[in-house]
Amino acid sequence: MRLILLGPPGAGKGTQAKSISEKLDICTISTGAMLRAAIRDNTPLGKEAQEYIDKGKLVPDETVVAIVKERLSLPDCEKGYILDGFPRTIAQAEAIDKNGIKIDKVLSLEVDDDVITERLSGRRECKECGATYHILYNPSEKGEKCDKCGGELICRKDDEPETIRNRMKVYHEETEPIKAYYETQGKVVTVKGRDKVEDTQKAVFSALGI
Ligand code: AMP
């Protein structure tokens, strides 16, 4: 299965990617997570990406396409992959086709804007390992610390209110048109995100027939 997860920030793409990944034993490639790891490691990529991410803007297409291409060339992608947060522009979707990267299905995870804003503002991320939580819907059992590694949980800078507004605008303008792009290829399945993660997971598995 070579799958794209499409949806607004905070739709639950990362959470669903994890379940699908475990169920099918394929890797997840999250451009957002890769860029945040580069920022944590203070690499040249991280330095370039930070100013865009902090403002809720998109990192330039060439940069993101290059990191995805490199990642997809690794052996663990041979049996399939999930692209989470990529493509985010029509130019990135075209780059996938131009580079001969195969996509079987596009899962569009749809959630209303007001729900997104509530979700993003309650989201927390481990400073050390990048695991994600939500203060109401998916809290860490250790409170302010990560269940997995004990690291400190922080609010992503781009989950602050003004940046959230920017990200939603960018999503509607740049990313939403991608759905139509893949509809013409007959690859889109749509799932409405539910309040409970398990309910969304059931709907996702059923839509994918897994
Ligand atoms: P995410 O974790 O997917 O919400 O991504 C966080 C931020 O990383 C986005 O708001 C963008 O600034 C940047 N980013 C992630 N994926 C992409 C992409 N495919 N193209 C451009 N920027 C991206």
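The values are calculated or read from the model by the stated rules, or taken from the named source; none is laboratory data. What you are looking at is a predicted structure, and each value in this text was computed from that prediction instead of being measured. Cβ atoms come from the backbone with ideal geometry, glycine included; neighbour counts cover every protein chain shown.
Summary of values
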{"quantity": "Pick from segment 99-114, criterion touching a residue at least 24 places away in the same chain (Cβ under 8 Å) and of a type outside the set (A, V, I, L, M), ranking: farthest from Asp195 (Cα to Cα)", "calculated": "Asn99"}
{"quantity": "Long-range neighbours under 7 Å by Cβ, at least six apart or interchain, first residue at positive phi within segment 1-25, second buried (at least 24 other Cβ atoms within 10 Å of the Cβ) and of a type outside the set (D, E, K, R)", "calculated": "Gly12/Gly193"}
{"quantity": "Of the criteria (1) part of a helix (DSSP H, G or I); (2) over 13 Å from the mean Cα position of the chain (by Cα), which one Val59 fails", "calculated": "(1)"}
{"quantity": "Cross-chain or 6+ apart pairs with Cβ under 9 Å, segment 145-167 first and in contact (Cβ under 8 Å) with a residue 12 or more places away in the chain and away from the ligand (no atom under 14 Å from the Cβ), then part of a helix (DSSP H, G or I) and of a type in the set (Ser, Thr, Tyr)", "calculated": "Pro161/Thr117; Pro161/Ser121"}
{"quantity": "Selection count, segment 44-75, where residues are surrounded by 13 or more Cβ atoms within 10 Å (Cβ to Cβ) and either closer than 21 Å to Ala95 by Cβ or at pLDDT 95 or above (or both)", "calculated": "21"}
{"quantity": "Any hit, segment 141-157, residues being more than 14 Å from Pro9 (Cα to Cα), at pLDDT below 95 and in contact with a Cys (Cβ under 6 Å, 6 or more places away or on another chain)", "calculated": "no"}
{"quantity": "Hits in segment 26-56 - residues which are among the aliphatic types (A, V, I, L, M) and either part of a strand (DSSP E or B) or in contact (Cβ under 8 Å) with a residue 40 or more places away in the chain (or both)", "calculated": "Ile26, Ile29, Ala33, Ala37, Ile53"}
{"quantity": "Matching residues in segment 64-119 - criterion: being part of a loop (DSSP other than H, G, I, E, B), within 16 Å of the ligand (Cβ to nearest atom) and within 17 Å of the chain's Cα centre (by Cα)", "calculated": "Gly85, Phe86, Pro87, Arg88, Thr89, Ile103, Val111"}
{"quantity": "Subset of segment 1-53 that is among the basic types (Lys, Arg) and within 12 Å of the ligand (Cβ to nearest atom) - its residue that is farthest from Glu174 (Cα to Cα)", "calculated": "Arg36"}
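Per-residue answers, yes or no, for (1) surrounded by 17 or more Cβ atoms within 10 Å (Cβ to Cβ); (2) farther than 17 Å from Gly193 by Cα:
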site	(1), (2)
Ala93	yes, yes
Asp97	no, yes
Ile116	yes, no
Cys129	no, yes
His134	yes, no
